[in-house]
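Enquirer: For reference, the structure I am asking about is given below.
Values in this text are rule-based calculations from the coordinates and carry no lab data. What you see is a predicted model, and the numbers here were worked out from it, not measured in a lab. Positions of Cβ are generated from backbone atoms using ideal geometry, with glycine treated the same way; all protein chains shown enter the neighbour counts.
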């Protein structure tokens, strides 16, 4: 039976900013905040650019609104990432092992913390914790595939 396969690679420029706080926990947390916060702000910039081009008008209010939205989204998602990375590292240190369970527990704690900080109550906190754990675990398993 004939078989075919495709192999390729996609490489992108790598930019790595290192901020050494003298503590590995804080280093990872700040790194997660900066990387994911930048991704979130860039996503908003792309969306806002699309909307400005689509409307055909560039106004000072549009620019100011876009900048505020970029900062808000960058700070929010950067904080979520920083909390998650810190929780996962904490789980690794507490458990003394490096495996997918650290990602799951870090995701559960992050989901719960973000939910409480967003004024979630009762079942909302539980479902956010489950969602955080599920997403983190799935991402970890996907990393094993590559």
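Enquirer: Using 7 Å Cα-to-Cβ label points, what is the residue 18/residue 71 separation (nm, one decimal)?
Expert: Once both label points are built, they end up 3.1 nm from each other.
Enquirer: Here's another thing I want to ask about it. When you count, for each residue, the other Cβ atoms within 10 Å and take the mean per peptide, how do 103-112, 34-43, 19-28, 120-129 rank with the highest first? Mind dumping the intermediate values first?
Expert: Numbers: 103-112: 23.1, 34-43: 17.4, 19-28: 11.8, 120-129: 13.8.
Descending packing order for the listed peptides: 103-112, 34-43, 120-129, 19-28.
Enquirer: Roughly how many whole Å is it from the C-alpha centroid of region 91-106 to that of region 20-62?
Expert: 29 Å
Enquirer: Right, here's the next one. With Kirkwood's inverse mean 1/r over C-alpha pairs for Rh, give me the Rg to Rh ratio of region 24-140, two decimals please.
Expert: Numbers: Rg = 17.0 Å, Rh = 15.5 Å.
A ratio of 1.10.
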